[in-house]
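Engineer: Take this structure, written in structure tokens, and hold onto it; I'll ask about it next.
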Amino acid sequence: MMDEEIQQQLKEMFFVHTFPVEKVDLMITETGLVGKEGAWKMVEWRNGILKGKELKVGGASMIKPFSLLFAAHYYLASVKNQWLLFDELAFFSKGKEVGFELRRARLEPLALNDISSYFTALAKRIAPIIENIAEVADLPKTHAFGLLAFPLYQQQSAWLKKETDQTTELRIRTDGEVLKQLSGDAFGLKRNPFDVKFRYVSSWADPNEHVRIKPACCLSYLKEGGNYCYSCPKMDTEQREVRAAQLREQAAQQQKSS
């Protein structure tokens, strides 16, 4: 039986459930997601929930959970020295929330110092699903895989910021480098999507802080009433300054009304 604290961490940090998720709107197993009908059904559903102007919005919205699933494995490996195993995953949509239900999930102690083989096996398992989602949603394959990196590295930064144990911090950094160095073949690509070099810009809220530019656009601007994220790679410097001013104005209005 998996430790209750770890189950809670997986749910709260990564939207990964190791027990049945109740009252979902739609749930499709990995077998279904590899097939065109199942993938189409979920992409179309997500696009409707998000009011996407193009079907690829629904497809793009499904990639972040895969990044968080990778992050969950990375976290447990680096911090707990455990690898997360499961017999089947099911992707669920519950209102605007998305995540995974892992069936017959369990942990096993890592047998090797080098976890590249573990990461590779996980990449090979999820890559066909992402590729199929991209095809169904008419989203370029490289764009879909490009959405994997940002959520995981945001998680990594949060772990490093909180971590006080130097040995664990070193393990997080070391395992992160292993992940970056995986062959692109594991993902069916020429290049590993986690092997990215981020650009940074000053935060719109505090010019003394810096924020990462996303490697790939999440397509939020194609939602009804949507706009570009401040960290969108599509914007140039002038456009980003305009967006920063809009965000500061919105924050000021919210502060007045609160």
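Engineer: Just to be sure I understand the model, the point goes 7 Å from the Cα along the line to the Cβ. What's the resulting LYS94 to ASN208 distance in nm?
Structural biologist: Each label point is offset 7 Å from its Cα along the Cβ direction, giving 4.1 nm.
Engineer: Could you work out the relative contact order of the chain? I mean the mean sequence separation of Cα pairs under 8 Å and 6+ apart, divided by the number of residues, in percent.
Structural biologist: Reported as a whole number, the value is 20 percent.
Engineer: Which value in nm describes the separation of the simple spin-label points at GLN181 and SER257, placed 7 Å from the Cα toward the beta carbon?
Structural biologist: Between GLN181 and SER257, the label points sit 5.1 nm apart.
Engineer: Using a 7 Å offset from the Cα along the Cα-to-Cβ direction at both LYS161 and LYS190, what is the distance between the two label points in nm, to one decimal?
Structural biologist: According to this spin-label approximation, the distance is 3.6 nm.
Engineer: Further, regarding this structure: Might you work out the accessible area of THR29 for me, using a 1.4 Å probe with all protein chains in place, and round it to the nearest 10 Å²?
Structural biologist: Answer for THR29: close to 40 Å² accessible.
Engineer: Picking from GLN82, GLN155, GLN246, which is most flexible by a Gaussian network model of the chain using Cα springs under 10 Å?
Structural biologist: Among GLN82, GLN155, GLN246, the largest mean-square fluctuation in the Gaussian network model of the chain belongs to GLN246.
Engineer: From the square roots a ≥ b ≥ c of the eigenvalues of the alpha-carbon gyration tensor of region 196-257, which class results: rounded (a/c under 1.5), prolate (a/b over b/c), or oblate?
Structural biologist: oblate
Engineer: Excluding ligands and nucleic acids, what accessible area in Å² is computed for TRP40 using a 1.4 Å probe, to the nearest 10?
Structural biologist: Looks like 110 Å² after rounding.
Engineer: Could you derive backbone 3J(HN,Hα) for region 249-257 from the dihedral phi with the Karplus parameters 6.51, -1.76 and 1.60 (θ = phi - 60°), listing whole Hz in sequence and x where the residue is Gly or Pro?
Structural biologist: 5, 4, 5, 5, 5, 5, 5, 5, 7
Engineer: Then there's this: Past the 26 Å Cα-Cα mark, which pairs from LYS80/LYS141; LYS161/LYS214; LYS51/LYS197; LYS56/LYS162; LYS94/LYS180; LYS141/LYS180?
Structural biologist: LYS80/LYS141; LYS51/LYS197; LYS56/LYS162; LYS94/LYS180
Engineer: Could you run the Karplus curve 6.51 cos²θ - 1.76 cosθ + 1.60 with θ = phi - 60° over region 158-165 and give me ³J(HN,Hα) per residue in whole Hz, x for Gly and Pro?
Structural biologist: 5, 5, 5, 5, 8, 5, 10, 8
Engineer: Another question, then. On a full-extension model of 0.36 nm per residue, what is the gain between GLU22 and LYS53, subtracting their alpha-carbon distance, rounded to one decimal in nm?
Structural biologist: 8.2 nm
Engineer: Moving on to the next point. Which entry is the computed mean projected area of the Cα convex hull in nm² for this structure: (1) 15.2; (2) 15.9; (3) 17.9?
Structural biologist: Evaluating mean projected area of the Cα convex hull in nm² on these atoms matches (1).
Engineer: Something else: What is the percent carbon and sulfur in the accessible area of the chain, measuring with a 1.4 Å probe over the protein chains and ignoring ligands?
Structural biologist: Here it works out to 49 percent.
Engineer: Read phi for every residue in region 24-30 and hand back ³J(HN,Hα) as whole Hz from Karplus 6.51 cos²θ - 1.76 cosθ + 1.60, θ = phi - 60°, with x for Gly and Pro.
Structural biologist: 7, 7, 7, 9, 9, 6, 5
Engineer: Antiparallel versus total DSSP beta bridges in the chain: what percent is that, nearest 5?
Structural biologist: Antiparallel bridges make up about 90 percent of those DSSP assigns within the chain.
Engineer: 222 nm [θ] for the chain, helices only, -39500 (n - 2.57) per DSSP H run of 4+, per residue, to 500?
Structural biologist: Estimated from H runs of four or more residues: -15500 deg cm²/dmol.
Engineer: Sticking with this structure for a sec: Under the rule a/c < 1.5 gives rounded, and otherwise a/b versus b/c splits prolate from oblate, where does region 166-213 land using the Cα gyration tensor?
Structural biologist: Verdict is oblate for region 166-213.
Engineer: Given a Förster radius of 22 Å and the C-beta distance between ASN81 and ARG125 as r, what FRET efficiency does 1/(1 + (r/R0)^6) yield to the nearest 0.05?
Structural biologist: Efficiency computed from Cβ-Cβ geometry: 0.55.
Engineer: Please give the Cα centre distance for region 126-169 versus region 216-257, rounded to the nearest Å.
Structural biologist: A separation of 22 Å, based on Cα centres.
Engineer: Determine the gain in length on full extension of the stretch ALA111-GLU5; use 0.36 nm per residue of separation and subtract their C-alpha separation, reporting nm with one decimal.
Structural biologist: 35.9 nm
Engineer: Order the following by accessible area, largest value first: MET62, MET2. Probe radius 1.4 Å; ligands, DNA and RNA are ignored.
Structural biologist: MET2, MET62
Engineer: While we're here: If amide hydrogens are placed 1.01 Å from N in the peptide plane, which non-local residues have theirs closer than 5 Å to the one on MET62?
Structural biologist: HN-HN under 5 Å from MET62: empty list.
Engineer: Given the options LEU122, ALA158, PRO207, identify the residue whose Cα lies farthest towards the positive end of the charge dipole of the chain (+1 on Cβ of Lys, Arg; -1 on Cβ of Asp, Glu).
Structural biologist: PRO207
The values are calculated or read from the model by the stated rules, or taken from the named source; none is laboratory data. None of the values given here were measured: they were computed from a predicted structure. Quick reminder, even Gly has a Cβ in these numbers, built from the backbone with ideal geometry, and neighbours come from all protein chains shown. Quick note on the areas: whole protein, heavy atoms, side chains included, nothing else; ligands and nucleic acids left out. Shrake-Rupley method; radii C 1.70, N 1.55, O 1.52, S 1.80 Å.
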